[in-house]
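Heads up, the thing below is written out as structure tokens.
The values are calculated or read from the model by the stated rules, or taken from the named source; none is laboratory data. In this text the structure is predicted, and so the values were computed from the model without any measurement. Cβ: placed from backbone, ideal geometry, glycine included. Neighbour counts: every protein chain shown. SASA here: full protein model, heavy atoms, side chains in, ligands and nucleic acids out. Shrake-Rupley method; radii C 1.70, N 1.55, O 1.52, S 1.80 Å.
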Amino acid sequence: MILPIHVYGDPVLRDEAQDVDALTPELTRLFADMHETMRNADGIGLAAPQVGRSERVFVVDVTPLVENGKLDGAEVPPQPMVFVNPEITWESDVETDYEEGCLSIPDIREKVWRPDAVRVTYRDADFAEQELLAEGMLARVIQHELDHLDGVLFLDHISAFRRRMLQRRLRDMAAGNVDAEYPLAVA
Ligand code: NI
């Protein structure tokens, strides 16, 4: 089922998501719904708070960016992926920048600096413990989505100057003046 995506200004995007204790049929249903919602919106990542949920869960599918099994020169695990209770246990000192977007903040892209590689522990769709060393774009998506679980948006990483430049558009968006080619839950 395609779920409406909550938009900038909605308090649910600022809440801290809660650890998941056990795999339930309802949670498995959420994974499927989040994958479907992400695909429908042409996204490569989606976090539970974006669909109004409070579980520490995000989904990733970087398939559209993979060439010959690789992305940014690194092997990519089978896609799509589910991350439950993810934790970053290591990050590289080297940072890279990229113009990020977010399905909850339609039509705005801004340059964000992040560590180029991270090690993350998590549980997968079967609730099995996993550890992954991610690099390049996959590492970026994981960091962006994990931020969502802590109520952090990519706009929190840009300069005060850039935020001021976007102030009016963001105020409009928070007021419900927003449109996208996928269903939105406007506050
Ligand atoms: Ni996002």
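Quick notes
- Among the residues here, Leu23 does not qualify as more than 16 Å from the chain's Cα centre (by Cα) and modelled with pLDDT under 95.
- Looking only at residues of segment 108-123 that are open to solvent by 30 Å² or more (accessible area, probe 1.4 Å) and away from the ligand (no atom under 13 Å from the Cβ), we find that the one that is nearest to Arg140 (Cα to Cα) is Asp116.
- Cβ-Cβ under 8 Å pairs, at least 6 apart or on other chains, segment 64-86 side over 18 Å from Ala47 (Cβ atoms), far side basic (Lys, Arg) and open to solvent by 10 Å² or more (accessible area, probe 1.4 Å): Val76/Lys70
- Breaking point among (1) in a helix (DSSP H, G or I); (2) among the β-branched types (Val, Ile, Thr); (3) without any contact (Cβ under 8 Å) to a residue 60 or more places away in the chain, for Thr89: (1)
- Segment 117-142 residues that are more than 14 Å from Val60 (Cα to Cα), paired with ones that are part of a helix (DSSP H, G or I) and of a type in the set (A, V, I, L, M) (beta carbon under 9 Å, 6 or more apart): Ala117/Ala139; Val118/Ala139; Val118/Ile142; Val118/Leu146; Phe127/Leu27; Leu133/Ala139
- Test: residue in segment 143-150 that is away from the ligand (no atom under 13 Å from the Cβ) and buried (at least 16 other Cβ atoms within 10 Å of the Cβ): no
- Pairs meeting the criteria (first residue in segment 100-111 and more than 11 Å from His6 (Cβ to Cβ) and free of Cβ contacts under 8 Å to residues at least 60 places away in the same chain, second residue near the ligand (Cβ under 8 Å from one of its atoms) and not aromatic (Phe, Trp, Tyr), beta carbons under 6 Å, at least 6 apart or on different chains) are Arg109/Gly101.
- Top-ranked residue in segment 124-134 [being assigned to a strand (DSSP E or B) and either open to solvent by less than 90 Å² (accessible area, probe 1.4 Å) or within 13 Å of the ligand (Cβ to nearest atom) (or both); ranked as farthest from Glu75 (Cα to Cα)]: Gln130
- Where Asp156 falls short, out of the listed (1) touching a helix residue (DSSP H, G or I) at 6+ places or on another chain (Cβ under 7 Å); (2) within 16 Å of the ligand (Cβ to nearest atom); (3) charged (D, E, K, R): (1)
- Subset of segment 151-160 [surrounded by fewer than 17 Cβ atoms within 10 Å (Cβ to Cβ) and not in a helix (DSSP H, G or I)]: Gly151, Val152, Ser159
- Taking segment 161-179 as the range and being open to solvent by less than 40 Å² (accessible area, probe 1.4 Å) and assigned to a helix (DSSP H, G or I) as the test, the residues that pass are Leu166, Leu170, Met173.
- Residue match in segment 103-118 (condition: assigned to a loop (DSSP other than H, G, I, E, B), at positive phi and charged (D, E, K, R)): yes
- Count - residues of segment 1-33 that are under 21 Å from Asp179 (Cα atoms), part of a loop (DSSP other than H, G, I, E, B) and open to solvent by less than 40 Å² (accessible area, probe 1.4 Å): 3
- Scanning segment 34-59 for residues that are assigned to a helix (DSSP H, G or I) and open to solvent by 10 Å² or more (accessible area, probe 1.4 Å), we see that the one that is nearest to the ligand (Cβ to nearest atom) is Val51.
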